[in-house]
Amino acid sequence: MRTEIKRMLSGRNFWAAVFLGVLGIGFGAVYPKLGEELLPAWNFLSMEKKAFYSETACFFVPLAAVLPWSDSFLGEWKGGFLKAVLPRTGRLDYVGNKVVAVALSGFLTWLLAGVLISFGYFVVFFPIEQQGSFPMEEGREFLYILLRLGLLGGILSTLGGAAAAVCRSVYLAWGLPFVAYYFCMILHDRYFAQAFWLYPPQWIEGSGDWGEGKLGLWLFLLVFLLGAMAVHGMALYRRVEEI
């Protein structure tokens, strides 16, 4: 597992995906007009929180999620890596490690992108903001939105991994999650405007009646992720059995 995750984190695609995530959040933010007056205390936190579910950031979500590791099985299969590693690790261990690493790739991409741009906003905006105590409720909501963004990234990267295992195509590994993501958004916008469970930006924002503490939303995302990982694992195990 450690080797698999290390290979994923050291890959150029992972850092390219993080860069895409930073661009999406940065372009999606509504920046304040700077003047002689100081900005409200911790304004950058609220600004970035809203940028997480902006139209621009949501466009980048499926792109950045699938880029790091969703198609990694195909590269290992076509390059002959699997014939060397499977006798040593075993099929079940390989599948388990791959499924977890693919899910983590999408999650960590967006988590890291959010943390990096938070640091940048802190450096730029905090010195020109009023002094004030840290808003605990605002900070908690910021963290929850970032975690939900990461979970959505993990779901999409896992769906990409499943598509790679089933279709054996890099283009479908990257393209199918993107198409499914926007298909849900189109269905919501055109036909089912009240179906908040069908609209990914609302999963990030947390809007809609999800129950007390948005518990229903967390359960929805976790079950969705675990279900996608199960499908990915079954498809991948059937594929490696052929090797």
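Things to note:
- Some residue of segment 139-159 being among the β-branched types (Val, Ile, Thr), surrounded by fewer than 15 Cβ atoms within 10 Å (Cβ to Cβ) and under 25 Å from Lys33 (Cβ atoms): no
- Subset tally (residues that are in a helix (DSSP H, G or I), in contact (Cβ under 8 Å) with a residue 24 or more places away in the chain and open to solvent by less than 60 Å² (accessible area, probe 1.4 Å)) for segment 71-119: 28
- As a summary of the residue check, Gln131 satisfies the conditions (1) part of a loop (DSSP other than H, G, I, E, B); (2) open to solvent by less than 70 Å² (accessible area, probe 1.4 Å) except for the one numbered (2).
- Taken over segment 164-177, the residue count meeting the criterion of being more than 15 Å from Ala228 (Cβ to Cβ) and surrounded by 16 or more Cβ atoms within 10 Å (Cβ to Cβ) is 4.
- When the test is whether a residue is in contact with a Phe, Trp or Tyr (Cβ under 7 Å, 6 or more places away or on another chain), of a type outside the set (D, E, K, R) and touching a residue at least 24 places away in the same chain (Cβ under 8 Å), Leu149 passes it.
- Qualifying position, being among the charged types (D, E, K, R), over 18 Å from Thr158 (Cα atoms) and surrounded by fewer than 16 Cβ atoms within 10 Å (Cβ to Cβ), among Glu241, Glu205: Glu241
- Sole exception among (1) over 27 Å from Val99 (Cβ atoms); (2) in contact with a Cys (Cβ under 6 Å, 6 or more places away or on another chain) for Arg190, by number: (2)
- Taken together, the residues in segment 208-234 that are buried (at least 19 other Cβ atoms within 10 Å of the Cβ) and small (Gly, Ala, Ser) amount to 2.
- Residue within segment 179-195 that is in a helix (DSSP H, G or I), among the β-branched types (Val, Ile, Thr) and open to solvent by less than 60 Å² (accessible area, probe 1.4 Å) present: no
The values are calculated or read from the model by the stated rules, or taken from the named source; none is laboratory data. Predicted model, so just to flag it, every value in this text is computed and none were measured. A quick note on method: Cβ atoms are made from the backbone with ideal geometry, for glycine too, and the neighbour counts reach across all protein chains shown. These area figures cover heavy atoms from the full protein model, side chains too; ligands, DNA and RNA do not enter into them. Shrake-Rupley method; radii C 1.70, N 1.55, O 1.52, S 1.80 Å.
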